[in-house]
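Following: one structure in structure tokens, then a few remarks.
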Amino acid sequence: MAHTAEAHGDNYLNHEKGLWSWMTTVDHKRIGLMYLASVCFFFFLGGIFALIIRLNLMHSGHPVVDANTYNKLMTYHGAIMVFLVIIPAIPASIGNFVLPMMLGAKDVAFPKLNLASYYIYLAGATFACLALFLGGADTGWTFYTPYSIRTGGGVILVIFGAFVAGFSSILTGLNFIVTIQKLRAPGLTWNRLPLLLWALYATSIIQVLATPVLAITLVLLIFEHVFKVGIFDPALGGDPVLFQHFFWFYSHPAVYIMILPAMGVISEIIPVFSRKPIFGYRAIALASFGIALVAFIVWGHHLFVSGQSELANFVFSLLTMFVAIPTGVKVFSWVGTMYKGSIRFNAPMLYALGFIELFTIGGLTGVFLATLAIDVHLTDTYFVIAHFHYVMVGGTIMGFVGGMHYWFPKVTGKLYNETVAMWAFISIIIGFNLTFFPQFIAGTEGMPRRYWSQLPEFDLWNTLSTVGSWFLLLGFLMVAWNMIKSAKSGPAAGDNPWRALTLEWQSKSPPPHDNFGPTTPTVTHWPYEYKGANV
Amino acid sequence: MNSVMSKAYGKAAWGLPLQGSDVAVTWDHLYWFLFWLSVFFFILVVGGMIYFAIVYRKKEGRKTKYIVDHHALEAFWTIIPTILLMAIFGWGWSVYKKQIHAPTDAMEIRVIGKQWLWTFQYDDGRTEASKLVVPLGKPIKLIMTSQDVIHSFFIPNFRVKQDVVPGMYTSVWFEPKVAGEHQVFCTEYCGTSHSGMLAKVEVLEPEQYELWKAGKPYQVTGVKTPSSDLLAAAQSSARLANAKLPLPDQGAKLVQAKGCTACHSIDGSAKIGPSYKGIFGHEQELLDGTKVTVDENYIRESIQKPQAKVVKGFNPVMPPYTKDMIGEEDMNAIVAYIKSLN
């Protein structure tokens, strides 16, 4: 049936119809889209919390919410953005859609497990959001003990939600590793593997190895909370700093779960829009694994003023410096790829350029924080807030939105509106820098993070920051409008509007249910062979 | 010996707090090195990117060059950053050692953090709340612990910060070279009034310090934090004995200064503790079900021994305020103020 229907435009979107067919689908493309919808929903929810936070801090002495509400908002903003948006954003949505197609496979290795992962993610999100109505949580997304043990409300539910969502992450990672290992098309050797897949492979390894540590930590926390067993609370004989070690043993590698896939997306976009091979393919692929390896041995840099030993600080500061080396290699290679290219400024490329600008600032300020003495003054101030927003939003979200534009024609078969996309990008890049750059200054001047009200001396920077957040809102609304409108009524895109060489573009747009029809694609060259007719 | 302020101190370079100590001066050198190095690399990368984007923009008939890699270049941009990063690490470590190792002759003061107040205990038994009084030019070592959750003691002007952890002692030190007031922040999230958990270091000229030690009126000269007005109540009202203010007004300033209003509202709304409004002379039901009428003695007892009679519906979380922390004159002013809120 599928074969005859294919001639009449059968694709994964109309292969089966109805809500039930989506809810029970094991098609990686549909699951990717369901993740995408969920991630975007939570991104807007977390974004609304951020906007209220910014309004509250716009001018000292004019709060819009009371302190307890503020503390819950900042907790929810952080927890939602980290656990429900940035961690799954690229791997689970874009990755799910693109990974099997880039491999020339019909699906991931374990399609049913893939669907299960999605429902586990939803269950975790539901638990976390239930807590909103059951007293909320005011611990910050880091759940530091003993505060998190003593405060009331729905803390346990939020923690349980993060615990459950973690399994989704583990299972997706496992699925991706097996898929990349076993389901590569004939001729797709390791040396021809697209860089996004190298990045997703490295990410998956971290997901599988590090997430269980978070799970154990959260279980211990729930145990202590419910049964009053002394683990982290000194009042019960526990050690509060132990929690910080456990927490960051996961959450630092998690930072690379968040950024590596975005680096993979950028590595795909830049060669396509420069019409040139990626510069330093092996170095970029290796750098992904270098970053993944170092990720596991630098968690202590979150604890420089926690009371951990001088020797530990020495070692962690030294090791942290090594993060900058592979990261630098990637950034230099992307810029090098543009050299003597023929550059097109379509929206994906704009986001890639935006990524490089913001991520460079994020990376350089990371060196400040890795430097022991400097960190002592800057840690827990707005400098840290600015730094990780530059990396996580300027990096991951830029890569995510860039990737959304890049694969939009593949996913929908339509073209988005390039003019709207450009203005949205301009609004986002101005808004982002206006929101977060002043926070570096507020931070070096001493403004601490997680403050419901600031001293008046920090007002200028906070007002600028709040105004910037409105530009961000405007930009992201334009992106959403553009995506929705173009998916409905955009012009037909053709199968490969960017003339890209990776396998997913060699299929139809939108792809058929089984990705490539009855034939299995064969790979004869690496995916960055931009020469001759390919330029 | 150091009472004369050196010209190197007291300045606030753009974007940085003022330099209140030698460590701050040393710290700033490293900071500006990193700052300009970052500017250099930013221009190199982003400038290069913009340059390429303009020069190599799409043009009809433009042929791109098939470049796959360049080993010498890649080795260069791996090795040079590695050397730079190791140098930065070493510099950071050497400044860090100065930051955390107090001289052996440092004067020790004990610090207790509690939600949401800093208290300071001196060797001679005197205590201060929200205000750390120290002599100019003497190294000071703070030995700190927390009564409840984790806090963090941060003095931007001295470029030092240390978490204050329940169940253990941590320490931080500084040698103030600038007389006046220096802001203290709590920088580890600790709940409702985390952003209100402020304090000030008062660095006094030696003769003023002796006056403070003797319990006499003294003057703070020198720098003020830009937020002096906001904290004026907190700091100057600690000794209101000579103030020519009506007693309830003195009390109003004191409850601000001592951080009481973080937990007790004055408008009838319940916060962490009961509101002050409309309680005086009225009966309150206690945790054990008995009732008590709020009078002068009840208020006094509830300040000095907060756990003795806890009002129903609230948790017994308030720290006790000893006679050293709230003297008799101040106590009278606070009682008068609460009485006035009926």
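All of the numbers you see were taken from the coordinates with simple rules; none came from a lab. From a predicted model like this one, the values you see are computed outputs, not experimental measurements. Every residue, glycine as well, gets a Cβ built from its backbone with ideal geometry; the counts of neighbours run over all protein chains shown.
Annotation: amide H-H contacts under 5 Å for B:GLU108 (H modelled 1.01 Å from N, sequence separation of 5 or more, or interchain): B:LYS141. Candidates B:ASN315, B:ALA336, B:THR261 compared by Cα position along the dipole of segment B:247-340: farthest toward the positive end lies B:ASN315, with charges placed on Cβ.
The calculated FRET efficiency for B:MET168 paired with B:LYS305, based on their beta-carbon distance and R0 = 30 Å, is about 0.65. The mean count of C-beta atoms from other chains within 10 Å of the C-beta of residues in A:431-444, rounded to a whole number, is 1. Placing a pseudo-label 7 Å from each Cα along the Cα-to-Cβ vector at A:MET422 and A:VAL535 gives an inter-label distance of 2.5 nm. Of all lysines in the structure, the ones whose alpha carbon falls short of 28 Å from that of A:LYS330, not counting any fewer than 8 places away in one chain, are A:LYS182, A:LYS276, A:LYS340, A:LYS410, A:LYS531, B:LYS58, B:LYS59, B:LYS63, B:LYS65.
Residue exposure proxy: A:SER93, A:SER251, ordered by other Cβ atoms within 10 angstrom of their Cβ from fewest to most, comes out as A:SER251, A:SER93. Here the Gaussian network model covers chain B, with springs between Cα atoms less than 10 Å apart; of B:ASP330, B:ASP22, B:ASP105, B:ASP105 fluctuates the most. Within 10 Å of the Cβ of each residue in A:182-190, the mean number of Cβ atoms contributed by other protein chains is 0. Ranking A:ILE177, A:PHE143, A:GLY290 by Cα position along the charge dipole of chain A, where only Lys, Arg, Asp and Glu carry charges on their C-beta atoms, puts A:ILE177 farthest toward the positive end.
Taking a straight Cα-Cα cut-off under 16 Å and skipping sequence neighbours fewer than 8 places away in the same chain, the aspartates and glutamates within cross-link reach of B:LYS305 are B:ASP295, B:GLU296, B:ASP324, B:GLU328. Structure note, pairs B:LYS98/B:LYS258; B:LYS97/B:LYS216; B:LYS161/B:LYS213: Cα-Cα distances above 30 angstrom occur for B:LYS98/B:LYS258; B:LYS97/B:LYS216. Ordered by the number of other Cβ atoms lying within 10 Å of each residue's own Cβ, fewest first, B:VAL255, A:VAL323 fall into the sequence B:VAL255, A:VAL323. For chain A, find the longest principal axis of its Cα atoms and tell me its angle to the long axis of helix A:240-274, 0 to 90°, nearest 10. Here the helix axis deviates by roughly 30 degrees.
Under 5 Å between amide hydrogens, built in the peptide plane, is the criterion, and for B:SER21 it picks out B:LYS177 among residues at least 5 positions away or on other chains. In terms of its C-alpha gyration tensor, segment B:265-314 comes out rounded, because the ratio a/c of the largest to the smallest axis stays below 1.5. Across segment A:48-206, the mean sequence separation of Cα contacts (distance under 8 Å, 6 or more residues apart), normalised by length, yields a relative contact order of 27 percent.
Within the shell of other residues whose beta carbon sits under 13 angstrom from the beta carbon of A:GLY402, the net charge comes to -2, with Lys and Arg scored +1 and Asp and Glu -1.
Helical runs assigned H by DSSP (4 residues or longer) give chain B a calculated mean residue ellipticity at 222 nm of -10000 deg cm²/dmol, each run adding -39500 (n - 2.57) before division by the residue total.
Our coupling estimate for segment A:119-136, obtained by passing each phi through the Karplus curve with A = 6.51, B = -1.76, C = 1.60 and θ = phi - 60°, is 5, 5, 4, 4, 4, x, 4, 5, 4, 4, 6, 4, 4, 3, 8, 10, x, x Hz, Gly and Pro reported as x.
Label positions at A:HIS59 and A:VAL178, each projected 7 Å from the Cα along the C-beta direction, are separated by 5.9 nm.
Per-residue 3J(HN,Hα) values for segment A:33-40, derived from phi via the Karplus relation 6.51 cos²θ - 1.76 cosθ + 1.60 with θ = phi - 60°, read 5, 5, 4, 4, 4, 5, 4, 5 Hz in sequence order (x marks Gly and Pro).
In terms of surrounding Cβ atoms within a 10 Å radius of their Cβ, A:ARG499, B:ARG110 rank from fewest to most as A:ARG499, B:ARG110.
What does the C-alpha gyration tensor say about the overall shape of the protein assembly as shown? Classify as rounded when a/c is under 1.5, otherwise prolate if a/b is larger than b/c, or oblate. It comes out prolate by the Cα gyration axes. Of all lysines in the structure, the ones whose alpha carbon falls short of 23 Å from that of B:LYS312, not counting any fewer than 8 places away in one chain, are B:LYS114, B:LYS271, B:LYS277, B:LYS291, B:LYS339. Taking each DSSP H run with n ≥ 4 as -39500 (n - 2.57) and averaging over every residue of chain A yields -21500 deg cm²/dmol at 222 nm. Taking a Cβ cut-off of under 15 Å around A:PHE279, the surrounding Lys, Arg, Asp and Glu residues balance to a net charge of +3, with basic ones at +1 and acidic ones at -1. Simple rule: put +1 on each Lys or Arg Cβ and -1 on each Asp or Glu Cβ in segment A:28-534, find the dipole, and look at A:ALA123, A:SER333, A:VAL98; the Cα lying farthest toward the positive end is A:VAL98. Spin-label pair B:LYS216-B:ALA13: with each label point 7 Å from Cα along the Cα-Cβ axis, the two points sit 4.2 nm from one another.
Compared with the direct C-alpha span, the chain from A:ALA492 to A:ALA123 gains 129.2 nm at full extension, assuming 0.36 nm per residue. Could you tell me the calculated FRET efficiency between B:SER265 and A:LEU242, based on Cβ-Cβ distance and R0 = 45 angstrom, to the nearest 0.05? The calculated FRET efficiency here is 0.75.
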